[in-house]
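Just so it is clear, none of the values below were taken in a lab; they were calculated from the coordinates. Bear in mind the structure is a predicted one, so any value in this text is a computation, not a measurement. Neighbour counts run over all protein chains shown; Cβ positions are idealised from the backbone, glycine included.
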Amino acid sequence: MRKLLVVVDMQKDFVDGALGTKEAVAIVPAVVEKIKGYSPDDVFFTRDTHQKDYLSTQEGRNLPVEHCIEGTPGWEIDSKVAEVIRGSRMINKPTFGSTKLTDMIKGISEKEDVSIELVGLCTDICVVSNAMLLKAAMPEVEISVDASCCAGVTPEKHEAALETMRSCQIKVTDE
């Protein structure tokens, strides 16, 4: 079985930038080690990607903090994580979940047996959104989230998102 890794939004603005948290900073070494355990061909990175008009979008009106504006330093992958990208796939996404990511992985799953593991930021927004899209598209594929390689907006929201994923038959590990 081919094991795929999805690294969600490990970007400067979510680690130690505009929306960064100490919990996000703390997971960086574990995420780097997790990535090293996978072949580059089996790793998919997502990158939250907004434009200069972000504050006029629905998301911007609900979260009025400019972040991950394409081309800015905050949009870039955290420097320690970037060191281990090694040619893996990068998917820019304009919203929480990526249907492009789901379609790419579903295409692989139609040709071979796969399992999918997710790590990254933020557990309660983009990680859970992508996990749910993947589960909806591939209900028989084993999908897991490594809680030790994720951080939420708050520790409480992180735990709530993990519980939501457990309820939807997404395996939560703490490796």
Report the full-extension gain for the segment residue 3 to residue 63: residue separation times 0.36 nm, less the Cα-Cα distance, to one decimal in nm.
18.2 nm
Indicate the gyration tensor shape class of the stretch 66-105 (rounded, prolate or oblate), computed on the Cα atoms with a ≥ b ≥ c the square roots of the eigenvalues: a/c under 1.5 is rounded; otherwise a/b larger than b/c is prolate and the rest oblate.
oblate
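Which pairs, out of 22/135; 12/171; 111/135; 12/135, put more than 20 Å between their alpha-carbon atoms? Spell out each step's value before the answer.
On the way: 22/135 29 Å; 12/171 27 Å; 111/135 17 Å; 12/135 28 Å.
The pairs that break the limit, which is 20 Å between Cα atoms, are 22/135; 12/171; 12/135.
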Length-normalised contact order of the chain, Cα under 8 Å, at least 6 apart, in percent, tallies to 27
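When the helix-only estimate is applied to the chain (DSSP H runs of n ≥ 4, each -39,500 (n - 2.57), divided by the residue count), what is the mean residue ellipticity at 222 nm, nearest 500 deg cm²/dmol?
On the way: 7 runs with 62 residues, N = 175.
So the calculated ellipticity at 222 nm is -10000 deg cm²/dmol.
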If I stretch the segment between residue 92 and residue 18 completely, what's the gain in nm (0.36 nm per residue apart, minus their alpha carbon distance), one decimal?
24.8 nm
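Calculate the FRET efficiency for residue 79 and residue 175 from the Cβ-Cβ distance with a Förster distance of 25 Å, rounded to the nearest 0.05. Could you put the intermediate results ahead of the total?
On the way: r = 24 Å, r/R0 = 0.95.
Here the calculated transfer efficiency is 0.60.
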Fewest to most Cβ atoms within 10 Å: 157, 34 sort as 157, 34
Taking a ≥ b ≥ c as the square roots of the Cα gyration tensor eigenvalues, with a/c under 1.5 meaning rounded and otherwise prolate when a/b beats b/c, else oblate, which class fits the stretch 61-175?
oblate
Sorting 72, 57, 123 on the 10 Å Cβ count, fewest up front, what's the list?
57, 72, 123
Which order do 45, 96 fall in if you start with the one that has the fewest other Cβ atoms within 10 Å?
96, 45
Would you mind computing, in nm to one decimal, how far apart the modelled labels at residue 137 and residue 163 are, each placed 7 Å from Cα along Cα→Cβ?
2.9
For helix 22-36, report the angle its Cα long axis makes with the longest principal axis of the Cα atoms of the chain; keep it between 0 and 90° and round to the nearest 10°.
40
